[in-house]
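Heads up: the structure comes next, in structure tokens.
The values are calculated or read from the model by the stated rules, or taken from the named source; none is laboratory data. This structure is a prediction, so every number in the text was calculated from the model and none was measured. FYI the Cβ positions are ideal-geometry reconstructions off the backbone, even for glycines, and counts take in every protein chain you see. Heads up: the accessible areas ignore ligands, DNA and RNA and are worked out on the full protein's heavy atoms, side chains in. Shrake-Rupley method; radii C 1.70, N 1.55, O 1.52, S 1.80 Å.
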Amino acid sequence: MILGLLLCMLFACFDARLSSISLVRTYEASTEARFVKMEKRLNEQSTQLEAQSNRIEFLESKVVESENQILKQNSVIDTLKKSFFKNKMDMSQVQKRLGVLNTSQRVCSDRLFLLRKQLLKYETFSSTKSNDESDDFENPVSKIRIADVPLHENRERRLLVASGSMASLANQYSAFYAYLSHHELAPGKHHTLIFDTVKTNTDGAYSGITGVYTVPLDGVYGFIYTIRMGCHTAIALAPFEIMKNNDAEGVAFIDVPCNEQNTVTGNVIIHAVQGDKVFIRTHTQHPVDSNIYSDTNGRTSFAGWLIHADQ
């Protein structure tokens with residue numbers, strides 16, 4: 001009986017041990033499977049980290065390249081700024097020299113006009129003196145009395161004197177006509193137009209270098225100018241002034257639609273005195289951003305003439 005109990009207890013312990021061994025093996029198998037899974041995930045994350053690290057290195061290299069390019073561009077910009085300021089200084093010097101040359105040209109033109117005027121007076125005086133000397137040689141004034149001259153002969157002499165005065169007035173004339181030989185590209189504002197091709201210039205009062213007409217005599221003058229302009233933007237609007245010294249005597253306004261060309265003509269009749277300067281310029285407040293054209297299809301021109309000289 002006791003032996004039977006011992007055998008039962010022995011079989012029970014053996015069965016319990018077998019059950020515990022089975023549970024341990026099952027736990028170990030599941031734990032190993034979890035470790036394998038975790039190792040696989042770690043490998044995947046390591047691969048992703050390596051890829052991200054490579055990407056970061058690539059981006060860092062691109063940043064370095066961009067920084068180098070920025071440094072090069074800054075160097076180029078500094079060089080361009082220096083060149084721009086140098087060119088600006090050179091342009092300023094050129095403009096100053098051009099202003100000096102224009103002033104000298106105007107002074108020379110004024111002197112030339114005075115010399116021509118003095119020469120004309122001298123020629124008139126010489127011709128008058130020679131005529132008087134010939135008359136004195138033929139008929140000495142000291143020997144002629146008014147009573148000795150017949151009435152009809154005295155009338156003829158008065159008519160000759162009047163005709164001589166009219167001839168002297170006829171010599172007082174001035175006229176010019178000039179046009180642009182080239183296109184003016186976007187001249188801007190406060191820009192004097194220089195009509196450099198001079199076709200008519202009876203007394204040399206107009207300068208094809210400065211675009212200025214110097215009034216030779218006191219009197220009434222007529223001026224006319226034509227501007228041909230094109231538009232390559234939305235619309236072109238531009239006023240052009242005819243100036244006498246610092247005063248705008250007239251303004252002509254042009255309105256050109258997109259991708260078209262148009263012309264405008266302005267004319268004035270003014271009184272001017274000797275030495276006044278007459279010229280055409282763009283407006284001081286409205287810059288001209290479109291081009292002024294002048295060719296065989298249409299000329300941009302400037303003309304003027306003396307209508308009547310003051311007595």
In the range 229-255, residues that are among the hydrophobic types (A, V, I, L, M, F, W, C), open to solvent by 20 Å² or more (accessible area, probe 1.4 Å) and within 17 Å of Asn267 (Cα to Cα) total 3
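Here's a check for you: in the range 204-223, which residue that is β-branched (Val, Ile, Thr) and surrounded by fewer than 18 Cβ atoms within 10 Å (Cβ to Cβ) is nearest to Asn291 (Cα to Cα)? Write out each step before concluding.
Our first condition is that a residue be β-branched (Val, Ile, Thr); within the range 204-223, this holds for 209-210, 212, 214-215, 220.
Right, trim to surrounded by fewer than 18 Cβ atoms within 10 Å (Cβ to Cβ) and you get 209, 220.
Working: Ile209: 21, Val220: 33 Å.
Per the stated criteria, the residue is Ile209.
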Is it true that Thr284 is in a loop (DSSP other than H, G, I, E, B) and open to solvent by less than 60 Å² (accessible area, probe 1.4 Å)?
-> yes
Apart from one, (1) in a strand (DSSP E or B); (2) over 18 Å from the mean Cα position of the chain (by Cα) all hold for Ala236; the odd one out is (2)
Counted residues in the range 1-56 being open to solvent by less than 90 Å² (accessible area, probe 1.4 Å), of a type in the set (A, V, I, L, M) and within 60 Å of the chain's Cα centre (by Cα) come to 1
Cβ pairs under 8 Å, 6+ apart or interchain, first in the range 188-200 and closer than 16 Å to Leu98 by Cα and part of a strand (DSSP E or B), second of a type in the set (Lys, Arg) and open to solvent by less than 60 Å² (accessible area, probe 1.4 Å), ordered by first then second residue, are Thr192/Arg281
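Return yes or no: is Thr226 surrounded by fewer than 22 Cβ atoms within 10 Å (Cβ to Cβ) and in a loop (DSSP other than H, G, I, E, B)? Break it down stepwise before answering.
On the way: surrounded by fewer than 22 Cβ atoms within 10 Å (Cβ to Cβ): yes; in a loop (DSSP other than H, G, I, E, B): no.
It is false that Thr226 is surrounded by fewer than 22 Cβ atoms within 10 Å (Cβ to Cβ) and in a loop (DSSP other than H, G, I, E, B).
Could you please give the count of residues in the range 294-311 that are in contact (Cβ under 8 Å) with a residue 40 or more places away in the chain and open to solvent by 30 Å² or more (accessible area, probe 1.4 Å)?
First pass over the range 294-311, keeping only residues in contact (Cβ under 8 Å) with a residue 40 or more places away in the chain: 294-295, 298-310.
From what is left, the residues that are open to solvent by 30 Å² or more (accessible area, probe 1.4 Å) are 295, 299, 305, 307-308, 310.
Selection size over the range 294-311: 6.
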